[in-house]
Amino acid sequence: MAFPAMVREFDSYGSWDGTMKRVFEGAHTFEGSVFEGRRLARPGDEVVDQGAGFDARTLFTRRRMLSLVGVGAGVVALGACSSVDASTGSAASESTPTGSGTSDGEIPEETNGPYPADGTNDVNILDRSGIVRSDITSSLDGGTTVEGVPLALTLTVTDMAADDAPFEGAAVYVWQCDAQGLYSMYSEGAEDETYLRGVQIADADGVVAFKTIVPGCYTGRWTHIHFEVYADADSATDVANTLATSQLAFPADMLAEVYALDSYSGSTKNLAGVGNKISDDDIFGDGDWRLQTPEVSGSVGSGYTAKLTVGVDTTTEPTRGGGGAQPPDGTPPNQAPGAGG
């Protein structure tokens, strides 16, 4: 099922139409190699290989520049819109929303699990060019594209230390398993893939939006998506810089509809093995899981939208991805036994 383009963005080469034209090039000065007035962190590498922080700041700068001529407002509006039919681009016929979708407190700190690729275990996708993207359904090289029920995920990040003001400029990294419970970069058969991982930078309303799919369910865990919040694009390169690490959970009634599909084979059984409600999960059950349950609407046919407000208290010390109980043995299909996350 095709997903409509929510935001048209410059690619890493600066091309508007995706033809990979080398429009923007760095320059050499007495102070070192620079690009658009900024010194390159890796002067020996090309502009496209400067990592997530550089990519994000470049994209953010260009969006601001576009807004001065009236284009940026339209781009932001499209990026924030998540009530779109997955196949036609028109307004989706929504079912009754489920889940809370609100955060009346700080987002609970959770483990980042064994498959984060954030530098925790010597695997780090955050320093790769192209990781700053809204559409995470394909690998970074444009290769494999995952299949599944489309999901438009919107997170609104607020700074609790600033009276819950929108956390403009915050960087959010999300990652999840595919419809069969496999994690790119780790699971057998997906080690060389980088799909279902991406970073977005919060706009003036604190909003980040991702195009993804509904995750499958593997043994030992309730269906979830991981995310980390960083203060800005520069810090979104290593797990040591996180302000918050958490997970969001999906409501049971929505999952029952999705998991009836053949493409999600095994998920119904795996979910039943966890329990019949979110609090049965060892990770979500040890805190206020309602703060982690987004407002979900849509259908299997049109795709779903999920919206969650993420309250971040910048005055508290994060546990760097170790919060909450460690998950039980949750082995994604076709993967050697290990702790699920």
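Any chance you could list the semi-axes, whole Å, largest first, of the equivalent ellipsoid that the Cα gyration tensor gives for region 114-157, using √(5λ)?
Numbers: eigenvalues 81, 47, 27 Å².
Semi-axes, largest first: 20, 15, 12 Å.
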*asked:* Probe of 1.4 angstrom, ligands and nucleic acids ignored: what's the accessible area per residue over region 163-225, in square angstrom?
replied: 24 Å²
*Using 7 Å Cα-to-Cβ label points, what is the ASP253/ASP205 separation (nm, one decimal)?*
2.6 nm
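For THR316 and SER279, compute 0.36 nm times the residue count separating them, minus their Cα-Cα distance, and round to one decimal in nm. Don't skip to the end; give the middle numbers.
On the way: separation 37, 0.36 × 37 = 13.32 nm, distance 2.52 nm.
Stretched out fully, the THR316 to SER279 stretch lengthens by 10.8 nm.
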*Per residue, what accessible area does region 122-162 have, given a 1.4 Å probe and all protein chains present, in Å²?*
37 Å²
*Would you mind checking which residues have amide H under 5 Å from ALA117's amide H? H placed 1.01 Å from N; only 5 or more apart, or other chain.*
none
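The values are calculated or read from the model by the stated rules, or taken from the named source; none is laboratory data. The shown structure was predicted, so the numbers you read here are calculated from the model rather than taken from an experiment. Positions of Cβ are generated from backbone atoms using ideal geometry, with glycine treated the same way; all protein chains shown enter the neighbour counts. Just the protein is used for accessible areas: all its heavy atoms, side chains included, with ligands, DNA and RNA removed. Shrake-Rupley method; radii C 1.70, N 1.55, O 1.52, S 1.80 Å.
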